[in-house]
Amino acid sequence: MTETLLKIEGLKTYFFTEAGIVKAVDDVSFEVRKGESLGLVGESGSGKTVTALSVLQIVPKPGRIIQGKIEFKGQDLVGKGEKRNASDSRKRDSCNFSRSLFLFKSTLQS
Ligand SMILES: Nc1ncnc2c1ncn2[C@@H]1O[C@H](COP(=O)(O)OP(=O)(O)O)[C@@H](O)[C@H]1O
Ligand SMILES: [Mg+2]
């Protein structure tokens, strides 16, 4: 079977606002295999953008990934962003992946 590059499991990203908790992403799971393209489809406000921001680990405050697994090439990315270093070849892969997702995100927002 083709290699799984990205695996999202039980992802929950909430915004802790003064008005209350916004459950922007609530238990989302999907996989992307090598060579596959994945589109996120849903009505406005359903969490497409926040899903992409979560994968990239750039969720703005007061948002936070509160639960779930984000694996890229088998490496868990949640909370690990600051631990990667230049000698880690996976960092390059992650950056390329990030660029791809940014393009993807622009498409979603257009
Ligand atoms: N900075 C934020 N503060 C509070 N709620 C937010 C913030 N950003 C997004 N949300 C909420 O998260 C939910 C999902 O938003 P979003 O991912 O942008 O939806 P989509 O991209 O599918 O239109 C919406 O209810 C939105 O209002
Ligand atoms: Mg959006």
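The values are calculated or read from the model by the stated rules, or taken from the named source; none is laboratory data. Treat the numbers as computed from the prediction; the structure is a model and nothing was measured. As a convention, Cβ positions derive from the backbone with ideal geometry for all residues, glycine included, and neighbour counts pool all protein chains shown.
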Exercise. Quick one: is Gly35 more than 16 Å from ligand 2 (Cβ to nearest atom) and either in a loop (DSSP other than H, G, I, E, B) or hydroxyl-bearing (Ser, Thr, Tyr) (or both)?
Worked result: yes
Exercise. How many residues does segment 31-54 contain that are within 27 Å of Thr2 (Cβ to Cβ), within 12 Å of ligand 1 (Cβ to nearest atom) and among the β-branched types (Val, Ile, Thr)?
Worked result: 2
Exercise. Does Thr49 satisfy the condition of being under 27 Å from Lys73 (Cα atoms), within 16 Å of ligand 2 (Cβ to nearest atom) and crowded, with 19+ Cβ neighbours inside 10 Å?
Worked result: no
Exercise. Taking interchain pairs and intrachain pairs at least six residues apart, which have beta carbon atoms under 7 angstrom, with the first residue in segment 9-28 and on the phi > 0 side of the Ramachandran plot and of a type in the set (A, V, I, L, M, F, W, C) and the second more than 16 Å from ligand 2 (Cβ to nearest atom) and in a strand (DSSP E or B)?
Worked result: none
For this session: Within segment 22-35, count every residue that is modelled with pLDDT under 95 and either within 12 Å of Ala52 (Cα to Cα) or out of contact with any strand residue (DSSP E or B) (no Cβ under 7 Å at 6 or more places or on another chain) (or both).
Result: 1
